[in-house]
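Beneath this line is the structure, given in structure tokens, with notes to follow.
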Amino acid sequence: MSNGVNNVMQKIEVDNFSSKDKANLNFWLSMVEKYDYDKILSICLSAGTTPDIAERIANEIDVNLNEEDKEIVSMSEVRKLIFALLYKYDWEAAKRFKTDEIYIRTNSEKFEVFRREKITKSLVKETGITENQANAISMDVEKFIRHLNLTYISSALIREITNVRLLEYGLEEARKKYTRIGLPIYDIEQMISKGASTDIKRENANLQHTPETINWIISGETLEQYAMMKLFPQHLLDPHISGDYHVHILSNAATRPNCIQHVPSLFFKYGLKVDGTGTHTSIAGPAKHLSVAIQHCAKIMLASQTQMAGGQSIDCFNVWLAPFLKGLSDESVRRAAQEFIYELNQSYVARGGQVVFSNILFEFGIPNWLKNVPAIGPSGKEAGVYGDYEEESIRFLREYTKIKIKGDHVGKQHMWPNDVYKVRKGDFEKYPEEMKLVHEFMAKYGTPYIANGLPEWQTENFNYMGCRTRLDAAYAGVWGSQRTGNDIYITLNLPRIAYEAREDDNKFFEILNKRLSKMAEILLIKHKISEDLLHKQHLLKFLSQKMGDEEYYNFMNTTKTFGYTGLTEAVKFHTGNHLHENKDAQEFGVKIIKRIREYAGECTKVHCLRFSVIASPAETCAARLAKIDIAKFGKNVINAGTKEAPYYTNSHMVRMDANFPLAEKIKIEEAYHPLTNGGHILHIWLGEQSPSADSLLEMSKKICQKDIGFFAYTKDFSVCTPCSNFEYGLKPKCENCGSEDLSRYSRITGYYQKVEGWNPSKKQELKDRFRYGVGNCGCD
Ligand SMILES: [Zn+2]
């Protein structure tokens, strides 16, 4: 122990001021005193720490100051360092280290002396209140803080205290602007230890528990709070919170639009800049070979996913690629397809630890609208027209489908991309071999979809993503469904309207109209946000990059979409019957959706923007809305699930457990497909059954004669972790090795996911699903 410390020890013994006076004296002394090593020891010891720690602190400060500094630095400045080090080595002593100074612990772990003027300034700057108001508030805050007699206070806590004062002053709007957003410590710990797998707020099950996912969820939570506080006005968000409707992907509203259909031929022509500018990454020139062209397709989706909340899709995939197939063997084509599939399925390193929600659409041959369009081939050169490549286009479809049928290394299905086969008039007759192959794929895994172009109401170009989002040529011609997608959609809680209307038709439509007008306001605000992101903040550089003279993303053609859920429950409450139980119930259901479509049409006219109607996937909100309604309306609520896991039936679908022929289900649901220009799907739940490809093909032919625009057969299956055994059905244990460590898969709303990741209400729905047999579907 140095002499200095001894001296200080003696000094402390004679020092018997009251603690308050001592603090004052110390404070004033420190203002005039120059740097002094012994003084530091003395201060530390008087705070009650051990001589060892005191010496350590004094040394640490001494080593860090050079001789010149020691000449000019005052003890008042050193006191900050002393406090910081006491805080580090002896928390109790730091608490006792009291002076008139209040130290603020800022975000970067630095300590600053409290200054009231800082609060005043930030209040004026951030909230726009007057300086007088800000002054009065900051004085109140200072008084309160001094009264607490704290050793230090965090800047976050000062903000919270200031917010309480803002509320007391009646400045609620200012408080909303001034508030800090983030997550409670408890929530973050839960997320790290357990993941957010059963959180009702999750928008989709396509997330694994990884460090990246935790980042994604935490940032999403913060941005969602921001959206709620700042992006949309209260009168539009209150109905979201109270459950009149559900605004989807609020966590992305501030930074991204929803989804897109890509046109890879533009990248084949101009080359690929995945950052949109080429300044941060390598620039690839126009692809020369199929294997490069197809890699570019994967990269387009990966790059674009960083700028969008939802799905990435490529329409007419095999058509764009066809010019690259000339002279290649089937084996080379299969290898390229395989590279593409693995690239997308193994992109778990992507944003948020979330694999890209990817989707590709196949044409049987070349659709009319592309037949005379100049084809872009190797090296970005024009190579005839797409109509010249019918053979290559169908060959790609064939070889790709074969690879998908094979499954992965252990025979498990490739989950991505979602494959959509577009059926046009005459395709069943013209391409029997390929149709059979596609149905073998369906019979094996159930994953592909059919987009049915046969109904009258389908346009020359129509497309769907695996999440059912739909675009067609009706709004802006055949190219109007390309390089664009959905900007945002909102799901309307239909049963809620029924409870409020109390069986009064007029009242029902009166409430419906009011809700729709609020939803339209939100859709328009979001349009403005996305437009600013693109052209003011320049945040979406991949989307806004130029392709020739044009911007790649056709933002003005994006859809602003009204969705809905629980039609059958709404109708049941209103008329006494479910959609499938009674003709009047079905008629009332159609009337409701017609009105929504009509309203969307009116919005399109008035605002010159593309408003549409979707049969919402509602993966999460079907449960959320039912829960809120049960809390509000109690036992009057028509609940499709159980007390523990309630839900409303998806969009206009018949009840999941309705046990009646598929033909009857189709008859009811086909009425809604022509009305939902923003998307729809018919689910045929097969469960464990393994129908032959032939019987599925026969069934598809029949379904394509109906007004069904989009459909999929869903098979459930289980894959054993230890032995990779693949079995149909959701099995409790492996039939091969007896292990209970199985992954069970089914289609959640649009896409396949591991059942373990589903929310409780979706799991309940899975139990309730009525599985159809094939061959006795009753279709004629
Ligand atoms: Zn096994």
- Message: Whether any residue in the stretch 484-498 is in a loop (DSSP other than H, G, I, E, B), closer than 30 Å to Val373 by Cα, modelled with pLDDT of 95 or more and in the same structural domain as Ile614 (by TED's automatic domain parsing) is what I want to check.
- Response: yes
- Query: When you scan the stretch 360-378, how many residues do you find that are more than 35 Å from the chain's Cα centre (by Cα) and part of a loop (DSSP other than H, G, I, E, B)?
  - Reply: 3
- Leu534 vs. criteria surrounded by fewer than 22 Cβ atoms within 10 Å (Cβ to Cβ) and part of a loop (DSSP other than H, G, I, E, B): no
- Search result, residues across the stretch 340-357 that are modelled with pLDDT under 95 and buried (at least 18 other Cβ atoms within 10 Å of the Cβ): Glu343, Leu344, Ser347, Gly352, Gly353, Gln354, Val355, Val356, Phe357
- Note on the structure: With criteria (1) surrounded by 17 or more Cβ atoms within 10 Å (Cβ to Cβ); (2) modelled with pLDDT of 95 or more; (3) of a type in the set (D, E, K, R), Arg655 comes up short on (2)
- Item | Residues (farther than 17 Å from Lys121 by Cα, of a type in the set (D, E, K, R) and surrounded by 13 or more Cβ atoms within 10 Å (Cβ to Cβ)) located in the stretch 177-198 | Asp187
- For His578, are the conditions met, namely being out of contact with any Asp or Glu (no Cβ under 6 Å at 6 or more places or on another chain) and more than 27 Å from Ile748 (Cβ to Cβ)? no
- Query: With Ile119, Ile129 as the choices, which residue is in a helix (DSSP H, G or I) and either of a type in the set (A, V, I, L, M, F, W, C) or more than 30 Å from His235 (Cα to Cα) (or both)?
  - Reply: Ile119
- Message: Quick test of your reading of the structure: Ile249 fulfils all but one of (1) under 30 Å from Lys326 (Cβ atoms); (2) out of contact with any Leu (no Cβ under 8 Å at 6 or more places or on another chain). Name the failing condition by number.
- Response: (1)
- Message: Suppose we filter the stretch 255-281 for residues that are out of contact with any Asp or Glu (no Cβ under 7 Å at 6 or more places or on another chain) and assigned to a loop (DSSP other than H, G, I, E, B); how many remain?
- Response: 13
- Query: Somewhere in the stretch 666-678, is a residue part of a loop (DSSP other than H, G, I, E, B), surrounded by fewer than 22 Cβ atoms within 10 Å (Cβ to Cβ) and within 16 Å of the ligand (Cβ to nearest atom)?
  - Reply: no
- For residues in the stretch 716-739 being hydrophobic (A, V, I, L, M, F, W, C) and outside any loop (DSSP other than H, G, I, E, B), which is nearest to the ligand (Cβ to nearest atom)? Cys720
- Note on the structure: From the option list Gly634, Gly641, Gly601, single residue qualifying as of a type outside the set (A, V, I, L, M, F, W, C) and on the phi > 0 side of the Ramachandran plot is Gly634
- Query: Can you name the condition, by its number, that Asp694 falls short on among (1) more than 16 Å from the ligand (Cβ to nearest atom); (2) surrounded by 17 or more Cβ atoms within 10 Å (Cβ to Cβ); (3) outside any strand (DSSP E or B)?
  - Reply: (2)
- Task: Go through the stretch 743-759 and give me each residue that's within 16 Å of the ligand (Cβ to nearest atom) and either surrounded by 22 or more Cβ atoms within 10 Å (Cβ to Cβ) or in a helix (DSSP H, G or I) (or both).
- Result: Tyr745
- Pairs only if they're at least six apart or on different chains, beta carbon under 6 angstrom, first in the stretch 474-491 and free of Cβ contacts under 8 Å to residues at least 60 places away in the same chain, second surrounded by 24 or more Cβ atoms within 10 Å (Cβ to Cβ); list them, first residue then second. none
- Any idea how many residues of the stretch 586-625 are in contact (Cβ under 8 Å) with a residue 24 or more places away in the chain, in contact with a strand residue (DSSP E or B) (Cβ under 9 Å, 6 or more places away or on another chain) and assigned to a helix (DSSP H, G or I)? 13
- Which pairs do you get when a residue that is in contact (Cβ under 8 Å) with a residue 40 or more places away in the chain, found in the stretch 40-57, comes within reach of a residue that is of a type in the set (Asp, Glu) and crowded, with 19+ Cβ neighbours inside 10 Å, reach meaning Cβ atoms under 7 angstrom, with the pair 6+ apart or on two chains? Thr49/Asp90; Ile53/Asp90
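The values are calculated or read from the model by the stated rules, or taken from the named source; none is laboratory data. Everything numeric in this text was worked out from a predicted model, so none of it was measured. So basically every Cβ, Gly included, is an ideal-geometry build from the backbone, and we count neighbours across all protein chains shown.
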